[in-house]
1. Considering every residue within segment 66-75, establish whether at least one is assigned to a strand (DSSP E or B) and in contact with a Lys or Arg (Cβ under 6 Å, 6 or more places away or on another chain).
2. Filter segment 17-41 for residues that are open to solvent by less than 90 Å² (accessible area, probe 1.4 Å), under 30 Å from VAL61 (Cβ atoms) and in a strand (DSSP E or B); which is modelled with the lowest pLDDT?
3. Residues in segment 101-113: is at least one assigned to a strand (DSSP E or B), at pLDDT below 80 and either of a type in the set (Asp, Glu) or more than 17 Å from the chain's Cα centre (by Cα) (or both)?
4. All but one of (1) under 29 Å from VAL33 (Cα atoms); (2) modelled with pLDDT under 85 hold for MET93, so report the exception by its number.
5. Give just the number: which of (1) in a strand (DSSP E or B); (2) at pLDDT 90 or above; (3) open to solvent by less than 40 Å² (accessible area, probe 1.4 Å) does PRO45 not satisfy?
6. When you go through VAL70, VAL86, VAL62 one by one, which is the residue that is modelled with pLDDT of 90 or more, open to solvent by less than 40 Å² (accessible area, probe 1.4 Å) and within 20 Å of TYR150 (Cβ to Cβ)?
7. Part of a strand (DSSP E or B), at pLDDT 75 or above, farther than 18 Å from SER151 by Cβ and open to solvent by less than 80 Å² (accessible area, probe 1.4 Å), is that true of PHE12?
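The values are calculated or read from the model by the stated rules, or taken from the named source; none is laboratory data. The structure displayed is predicted, hence computed values, not measured ones. Glycine gets a Cβ as well: all are built from the backbone with ideal geometry, and neighbour counts include every protein chain shown. Remember, those area values only see protein heavy atoms, side chains included, never the ligands or the DNA or RNA. Shrake-Rupley method; radii C 1.70, N 1.55, O 1.52, S 1.80 Å.
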Amino acid sequence: MNLLQSELPSQFTLGVKLTVAGVEQPFHFDVPVEINAEPVVIEKPKMPDTLAQRGFVVDKVVVTPVTTQVFFHLRPKTEDTANTFVHPDDFDMSATRDEQGRVYQILGGQGDQVTELGSKQYYIFEPVSPEAKALKLTYNVAGGPDGKPYSIEMEVPLPDRQR
């Protein structure tokens, strides 16, 4: 499901195949699915300068009842006139939490290979609490001014999602 190249339709049937040890034939289930909550999409959230200078651009944050997704890209190396870029292997998104300190675990992610044109990537996290007012994304980056790793935090305000 995390490899979809397009949005899911509002209604669809999910086919499930279950193989059980000791049973010759697998079980097949058709599960009707209806999306009943609109995602919150925050396009181009305000970036901290320290993150943008390293070549990271957060394109959007998508909050749904079942996941929180962070989409970002690395700018093309040709735009790096100050030699400030960090290779994707030299950073990680170490933590996602809200303003109350609740931590959201990473569930997965994916990214394109780095080329001279940059790279698109995303992380998937646990769903954010409906009470959360802001999402704080923490990036660990290698090679700071003193050569040691350091962290950059980015705060994304969230709209009221309580019903």
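1. Yes, segment 66-75 contains a residue that is assigned to a strand (DSSP E or B) and in contact with a Lys or Arg (Cβ under 6 Å, 6 or more places away or on another chain).
2. Selected residue: VAL33.
3. No, segment 101-113 contains no residue that is assigned to a strand (DSSP E or B), at pLDDT below 80 and either of a type in the set (Asp, Glu) or more than 17 Å from the chain's Cα centre (by Cα) (or both).
4. Against the list (1) under 29 Å from VAL33 (Cα atoms); (2) modelled with pLDDT under 85, MET93 comes up short only on (1).
5. Only one criterion is unmet by PRO45, namely (1).
6. Criteria check complete, one pass: VAL70.
7. When the stated conditions are applied, PHE12 passes them.
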